[in-house]
């Protein structure tokens, strides 16, 4: 019986250690595996960098309203195939946010042939530049290839992902999404959430709750554009 108790105690301690350590290990492990991509911001400060993927959509305005309410800035990674007019991008920038390059569609980046990738990247960059030039590139649906990431950097865009990612493209429950964000939050963490016709409204609702919770935990929200000096080495 005593042996069983010790096993349970050791398993519980192991699970606790994994839960506590994992959010801090993820950026280092992913940076080792994908050294061309920025996964974490300024780790010396208790700051979170908010990013929104797959903009613009009809729900973008709801997200902007929540961000304005809480005085938080974000970088919106734009799918150029969804741009119906420059007004949608101006709405984001005039609210004090930034734009990032997320290509033309959500097709997995590494699955794109070289000509298709460069055409998509360049056309998206040109569309964004009409309002604000992008400083960051987020490969859609995967990590992209080394050549693709190098091409983005040669065009002045730093490849960036993040580890404060609650898998909101799979998980629908707002409570669970909020819990995952709280668990994964670390100093310098880059938070990834999604816009979308249905996801966008859910993101707005989750952010309305999680932003005050993170602020209460001592976090501030930073500007991703301040991280241009932290790009991964060549």
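Data for the structure
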| item | result |
| --- | --- |
| Residues being surrounded by fewer than 22 Cβ atoms within 10 Å (Cβ to Cβ) and either under 18 Å from the mean Cα position of the chain (by Cα) or at pLDDT below 95 (or both) - total across segment 86-103 | 3 |
| For residue 128: the one exception among (1) buried (at least 20 other Cβ atoms within 10 Å of the Cβ); (2) under 17 Å from the mean Cα position of the chain (by Cα) | (2) |
| Residue match in segment 156-166 (condition: outside any strand (DSSP E or B), more than 14 Å from residue 51 (Cβ to Cβ), in contact (Cβ under 8 Å) with a residue 24 or more places away in the chain and out of contact with any strand residue (DSSP E or B) (no Cβ under 8 Å at 6 or more places or on another chain)) | no |
| Lone qualifier among 75, 51, 118, 60 - being at pLDDT 95 or above, farther than 30 Å from residue 182 by Cβ and touching a helix residue (DSSP H, G or I) at 6+ places or on another chain (Cβ under 7 Å) | 118 |
| Top-ranked residue in segment 215-234 [being touching a strand residue (DSSP E or B) at 6+ places or on another chain (Cβ under 8 Å) and modelled with pLDDT under 95; ranked as farthest from residue 149 (Cα to Cα)] | 227 |
| Test for residue 170: is it part of a helix (DSSP H, G or I), surrounded by fewer than 22 Cβ atoms within 10 Å (Cβ to Cβ) and out of contact with any helix residue (DSSP H, G or I) (no Cβ under 8 Å at 6 or more places or on another chain) | no |
| Scope segment 175-203; condition surrounded by fewer than 22 Cβ atoms within 10 Å (Cβ to Cβ), touching a residue at least 60 places away in the same chain (Cβ under 8 Å) and assigned to a helix (DSSP H, G or I); matching residues | 183, 184, 199, 201 |
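For every residue, the table says whether it meets (1) surrounded by 18 or more Cβ atoms within 10 Å (Cβ to Cβ); (2) over 19 Å from residue 70 (Cβ atoms); (3) in contact (Cβ under 8 Å) with a residue 24 or more places away in the chain.
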| site | (1), (2), (3) |
| --- | --- |
| 149 | yes, yes, yes |
| 154 | no, yes, no |
| 210 | yes, no, yes |
| 216 | no, no, no |
| 220 | no, no, yes |
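The values are calculated or read from the model by the stated rules, or taken from the named source; none is laboratory data. Predicted model, so just to flag it, every value in this text is computed and none were measured. Positions of Cβ are generated from backbone atoms using ideal geometry, with glycine treated the same way; all protein chains shown enter the neighbour counts.
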